[in-house]
């Protein structure tokens, strides 16, 4: 059968995988609760009867604010059958964001998942014009529960069955299925209107890239309110793959092993943390095991899909000794499938994971494109590490004179809700969507993203700097957790760096560096000298104007919860620039006196500080602005440990 409306995915499942016992699954009280294909269809249909009985009609908007759980899918399908527009939003937003989205979307009803989410929203509910109010999935004393709507659907099922079928027939593939409010890094979020056709054409095209089958299981933990994870959930269901929702972020590793998952959907930051844990696991091994372990890591970082026989033989040996043990933590499968997007992933991580048969399907897209534009395909060897892969089937791409990526196709959004002016700014008269990303085709087929058009800045000398490319390069250091490249309209490029404190603590302990807390640690000369060495190493090969000439360490660890990162873990540059304004001003000599945090290393006298001769030697190099070229490779390896 051909799927034209999102709710027809249920018919597809009943036709192709009628006996599937675990198509969507969640945990309750620590135990997995499985929904079969029949359960999924039955509950979705009954809930649609209940929503209709409540008074909701085609074109109405319903907001859901829930954590990942099977009920999200059931609500999504029930709304789709009625032509209700589903508006899912993040459970972690602030009250003003909730107020704006609920009001702007013209929502008539809000469904929240649990007590924690309800507590965040309840203070603003009296100010909102919600015709049907707030319903909850979990039991919350004194609140209306969605289970009651389901019960009304069961009671009135015979009464509404024919009516719902008529409504389903009236729904067009070009009707709005959902509005996705972009998390954004600046300004108010935009409501991206996506049709049934937008969603379906994209998830079917991406499903063709996957090696997964109806025999496999996949773990889901990224927010379903984001079109990235939601689209992947559609495509897993389309393949008949069981989707299991992680209990919480802290249970991911256990859940992967528990269900013997064959894959999951991720973002680069999560994979970077996994890489760090793999790296840290080798530090306490006995000498011989430790040598083998890190030899396997070095080998994996040279991995390429087209290496020769000798390299492949070495890979098999390291797989037996090291890589297979990593896969066991993920569920034990070989030919593991991990999809990643949202931002660029470091090539060394792609190479290492691929060597371990944990294959990375790196892709690229936006909410406005439903979302995938391009994706690497390790399954068919259609990939190139360092790119986001070939253009997806059904998607067109071309480049403006400035190198901006333009795209169009069936998965391109209908526009921004209540904002035709901005829609006209980003979609030109010929239907091309201007992504705001700069890129190029490598080898005539692999799309490479170089930066965001609006984030590229110009130094005072007129040279352009692409910060994302540089940030990804410098984050390859084990000492750097995150950083923001700065320098717009200034003479040189600099960076604000949030160190990897786990690795820094290990290094400081090994080198007998004493400190009271993280703040005093980052202010020690030895630490600055060590970070400078990492900067110097990665500056090599860059153009002079791209090289980081100055940097400051900060004690803060950036996250969505503290506001420096978006929910998809992208830098909020405007927030960071305001937060560290004093440090940035000091870097570019806009203060008469330096701030305590982010001091200049040139202003510190280390003559009375007890440090090794080796550190003093590096320190002298750093303060003279010359890289420590005379440091031997052996010394460098020791420092990296």
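Go through the stretch 547-563 and report how many residues are on the phi < 0 side of the Ramachandran plot, surrounded by fewer than 21 Cβ atoms within 10 Å (Cβ to Cβ) and in a loop (DSSP other than H, G, I, E, B).
So the count comes out to 8.
Can you tell me how many residues in the stretch 442-465 are at pLDDT 85 or above and buried (at least 17 other Cβ atoms within 10 Å of the Cβ)?
If we filter the stretch 442-465 for residues that are at pLDDT 85 or above, which is where we start, we get 442-449, 457, 459, 465.
Filter once more, so that each one left must be buried (at least 17 other Cβ atoms within 10 Å of the Cβ): 446-449, 457, 459, 465.
Looking only at that region, the number is 7.
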Inset, instruction - Would you be able to tell me the number of residues in the stretch 157-188 that are surrounded by 18 or more Cβ atoms within 10 Å (Cβ to Cβ) and within 20 Å of the chain's Cα centre (by Cα)? - result: 6
Inset, instruction - Can you give me the number of residues within the stretch 347-379 that are out of contact with any helix residue (DSSP H, G or I) (no Cβ under 6 Å at 6 or more places or on another chain), closer than 23 Å to residue 315 by Cα and either without any contact (Cβ under 8 Å) to a residue 24 or more places away in the chain or assigned to a loop (DSSP other than H, G, I, E, B) (or both)? - result: 2
Inset, instruction - Please give the number of the condition residue 217 fails out of (1) surrounded by fewer than 24 Cβ atoms within 10 Å (Cβ to Cβ); (2) out of contact with any helix residue (DSSP H, G or I) (no Cβ under 6 Å at 6 or more places or on another chain). - result: (2)
Inset, instruction - Considering only residues that are surrounded by fewer than 23 Cβ atoms within 10 Å (Cβ to Cβ) and more than 18 Å from residue 242 (Cβ to Cβ), look in the stretch 202-214 and name the one that is modelled with the lowest pLDDT. - result: 208
Legend entry - helices (runs of 4 or more DSSP H) wholly inside the stretch 175-267 containing at least 1 residues that are within 17 Å of residue 91 (Cα to Cα) and not assigned by TED's automatic domain parsing to the domain that holds residue 374: 227-238
Inset, instruction - List the number of the failed condition for residue 436; all other conditions in (1) in contact with a helix residue (DSSP H, G or I) (Cβ under 9 Å, 6 or more places away or on another chain); (2) without any contact (Cβ under 8 Å) to a residue 60 or more places away in the chain; (3) crowded, with 16+ Cβ neighbours inside 10 Å; (4) under 30 Å from residue 395 (Cβ atoms) hold. - result: (3)
Inset, instruction - Could you run through the stretch 145-174 and say how many residues are outside any helix (DSSP H, G or I) and within 26 Å of residue 115 (Cα to Cα)? - result: 1
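The values are calculated or read from the model by the stated rules, or taken from the named source; none is laboratory data. Note that this is a predicted model, so its numbers are computed, not measured. Quick reminder, even Gly has a Cβ in these numbers, built from the backbone with ideal geometry, and neighbours come from all protein chains shown.
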